[in-house]
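Before any comments, here is the structure.
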Amino acid sequence: MTQETEQSPAQPRQGELPFAIVQGEAISAPPEDLYIPPDALEVFLETFEGPLDLLLYLIRRQNLDILDIPIAEITRQYMEYVELMRNVNLDLAAEYLVMAAMLAEIKSRMLLPSHDEVEDEDDPRAELVRRLQEYERFKQAASNIDDMPHLGRDNFPADVDVIREDRKKPEPDIDMRELLLAFQDILKRVDMQKHHEIEREEISIRARMTHVLSCLDSNNFVEFQSLFTLKEGRLGVVVTLMAVLELLKLKLIDMVQAEAFAPIYLRKP
């Protein structure tokens, strides 16, 4: 008796990702002699560009009047931030300590009693206010410049490779017939741009009868077609025909034809 064993298919497993890839070679574990200093990675959630920036932030956050700064409260908040920076980065806090000493000096001068005999004594905060106002103007100007479009950040120059074909293009073989057809099309468009003014010409049948009689001679024959003037147009030809028919009706002229399809002649009787 044979016993059949069913083998379940192997489940796919994800391989271990390499720790790093150096020059195309995968490294699965960090080297033992690799030293990473504790301050290699620092995350600053809120940073200031200097002591004046910190002071301006504290003043604007509480909506204080920059011309009337409460030195005691601002100094206390400033020193809390300096103590925090001491625990993080002592070198960075060095320039802040200079401002802390200046605030302490201003605070001590404001605590001293004022002399009544000294008039127009300078406010100990005047120099600090002047520096804060000047710094705020430059900071606002820098912010306005940064808001302007920058090349490479907001605008990017277009870079397109020009495709130039060195192949010589054959000149088209133009036939004279095509040139004439193109010129004919131009003439049609010129005719469409013309403005025609039609004036009615009054031609009297009675006057044309007199003209036909003056052209005829009793001794000679006058060909029928010679009485018509093509320049007068359709109206002139019709009036001349009506005049000839009227003269034939009145028997003032005779019409003669030698044979069928022969020219027709007119004469006076």
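For the range 136-159, the tally of residues that are over 14 Å from I69 (Cβ atoms) and either part of a helix (DSSP H, G or I) or hydrophobic (A, V, I, L, M, F, W, C) (or both) stands at 15.
Taking the condition in contact with a strand residue (DSSP E or B) (Cβ under 6 Å, 6 or more places away or on another chain), at pLDDT 75 or above and aliphatic (A, V, I, L, M), does L227 pass? Quick ask: steps written out before the conclusion?
Values: in contact with a strand residue (DSSP E or B) (Cβ under 6 Å, 6 or more places away or on another chain): no; at pLDDT 75 or above: yes; aliphatic (A, V, I, L, M): yes.
No, not satisfied.
For the range 191-209, does any single residue satisfy the condition of being in a helix (DSSP H, G or I) and of a type in the set (G, A, S)? Yes; the residues of the range 191-209 include at least one that is in a helix (DSSP H, G or I) and of a type in the set (G, A, S).
Just give me the residues in the range 243-254 being surrounded by 14 or more Cβ atoms within 10 Å (Cβ to Cβ) and outside any loop (DSSP other than H, G, I, E, B), in sequence order. Lay out the reasoning, then the answer.
At the first step, the residues of the range 243-254 found to be surrounded by 14 or more Cβ atoms within 10 Å (Cβ to Cβ) are 243-244, 246-247, 252-254.
Across the range 243-254, the qualifying residues are A243, V244, E246, L247, D254.
State all residues of the range 213-242 that are farther than 30 Å from E199 by Cβ and in a loop (DSSP other than H, G, I, E, B); if no residue qualifies, say none. Result: L216, D217, S218, N219, N220, F221.
Restricting to the range 83-101, name every residue that is at pLDDT 80 or above and crowded, with 16+ Cβ neighbours inside 10 Å. I'd like the intermediate steps shown before the answer.
Of all residues in the range 83-101, those at pLDDT 80 or above come to 83, 98-101.
Selection gives M99, A100.
Here L250 fulfils each of the conditions (1) without any contact (Cβ under 8 Å) to a residue 12 or more places away in the chain; (2) touching a Cys at 6+ places or on another chain (Cβ under 8 Å) apart from (2).
On the stretch given as the range 187-214, residues that are at pLDDT below 80 and of a type in the set (A, V, I, L, M) total 4.
The values are calculated or read from the model by the stated rules, or taken from the named source; none is laboratory data. Because the structure is a prediction, the values reported are computed rather than measured. Because the Cβ atoms are built from the backbone with ideal geometry, glycine has one as well, and the counts that use them run over all protein chains shown.
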